[in-house]
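First up is the structure itself, then whatever we jot down about it.
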Amino acid sequence: MSNYKDSDSERAVIGCVLLNNEVIENAIEILTPSDFYENKHQRIFATMQKMYENNEPIECLSLSKRTLDCYPDTNVSEEELQQMQDSSPAPSSIEFYAQRVVREFSRREAHRLLDLAKKEVHDSEDPMSKISELISRLEGIRSEAMDQTVYDFKNLFIQRMEVLEKKCDGEIEPNIVSTGLNDLDKLLNGGLRFQHFDVLAARPAMGKTSLAVQWAVNAVLRQKMSSLIFSIEMSKEDVMDKMISNEVKIPYHKISSGDMEKEDWENMIMFSEKVLNDPNDPSKAGIFVDDVTKDLHRMIAIIRRCVRKYDVKFVVIDYLQLISINGKFGTRDEQLGYAVNMLAYTAKTLNINILALSQLNRGVESREEKRPSLSDLRESGNIEQAAWRVLSIYRDEYYNPHSQEKGIAEIGVLKGKISNTGKVQVYFNKECTRFSNLAYGETVSYTHLTLPTNREV
């Protein structure tokens, strides 16, 4: 692995910053300290970042002292830094040398993963799972083509103008999954966005699975976006029954028991005409259900395949705490942290939305105020950090049989990186576990729906 390093380029990056502190911005867009091969260079660059963030001038003497303060076991002399500065190329070339550093890091990481894979695949009882994991990890290595992460302002401006024009004309933004709940969409600035990893959290029996399934169907009905549902806890048959109950408005217990009346069957027939409308037509949007996969890396591999084959844009994972992760992790919290970061990366790189459901801690039940908060998330730290938005469900009548808000559910936005926090009220049909607009009435119609139950995922 000693061949996969470029110490000269690492020194050049440091020297460029010493010559002109302003160019560190260019380097930070490309590099992280861990990209450097030399441990000393990693620490120097990390110190430079801290000094830059604190608006401290980055000079040889000050950098030497600050590095020693941050890393007492690392001796970086003023003379050594002066040599890097004196031998440095022009500061304007920093991006060139930064990309060379990243390229060597990518080679080291790929080489390390391939060596690890040989052993793990050989020893594993489930080699296919290990291969899927390897593919996901290899895809996570940054591309050598770093210029792909920088976009021309003019082109971006034109694209945004086109989107804004459509929004002003009342069209749904093409990179947004609408929830179909008008007040919630307003709070979310349109809905759930592509490239984002979002979380829907609630205590059991609040209806989070039904709400997520409803959003998946709505994406198909209103936007012709294919959806993929990972149902780790429920069977695909149960998911389908919930979907039918929700959309056709037949009480769930009637469907599960088969005790349906003539009117129910008539509604089912009308619905089936839409469901069975040429399910093999690849141009039709559809809903795909996987009730087997719970391994994280296999799940990501399936997501990638469905995005490629069926243009899936919306993914639901029910639910986070049931995902299994292979690898050496100290705690379950570390496992979950790795999972949510991998899912967030997948959503961003595939230009889709991933919505993961999450259980809330039992502590909610023991306090007087039972509305969820961010601290109620199980293993909350990592989930909260990775998610763009954290949404919650609360139904007062669940806790208070004499509630004045019977038939009302409260959907909260506990965290929103690009939207407001707050809450909206919606109708909740307990028998059909359906959420609908409080002020506007039902807006969803069966204009288009295909459920390709016979297609391979």
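The values are calculated or read from the model by the stated rules, or taken from the named source; none is laboratory data. Just so we're clear, the structure is a prediction, and the values are computed from it rather than from any experiment. All Cβ positions, glycine included, derive from the backbone under ideal geometry; neighbour counts span all protein chains shown.
Taken over region 331-366, the criterion of being under 19 Å from Arg193 (Cβ atoms) and among the basic types (Lys, Arg) is satisfied by Lys348 alone. Does Ser64 satisfy the condition of being within 25 Å of Tyr4 (Cα to Cα), part of a helix (DSSP H, G or I) and among the small types (Gly, Ala, Ser)? No; evaluated as a whole, the condition is false for this residue. Considering each residue of region 10-24 in turn, none proves to be part of a helix (DSSP H, G or I) and over 18 Å from Cys60 (Cα atoms). In region 354-373 there is at least one residue that is surrounded by fewer than 22 Cβ atoms within 10 Å (Cβ to Cβ), in contact with a strand residue (DSSP E or B) (Cβ under 6 Å, 6 or more places away or on another chain) and in the same structural domain as Leu184 (by TED's automatic domain parsing). The residues of region 211-255 that are among the basic types (Lys, Arg) and over 17 Å from Phe428 (Cα atoms), listed by number, are Arg222, Lys224, Lys236, Lys254. As for region 333-355, it holds at least one residue that is closer than 25 Å to Gly190 by Cβ, among the aliphatic types (A, V, I, L, M) and in a loop (DSSP other than H, G, I, E, B). Counting only helices (runs of 4 or more DSSP H) that fall entirely inside region 165-267 and contain at least 3 residues that are modelled with pLDDT of 80 or more and β-branched (Val, Ile, Thr), the qualifying elements are 208-223. Scan region 67-85 and tell me whether some residue there is assigned to a loop (DSSP other than H, G, I, E, B), within 18 Å of Val102 (Cα to Cα), at pLDDT below 90 and among the hydroxyl-bearing types (Ser, Thr, Tyr). So far as region 67-85 goes, no, none of its residues is assigned to a loop (DSSP other than H, G, I, E, B), within 18 Å of Val102 (Cα to Cα), at pLDDT below 90 and among the hydroxyl-bearing types (Ser, Thr, Tyr).
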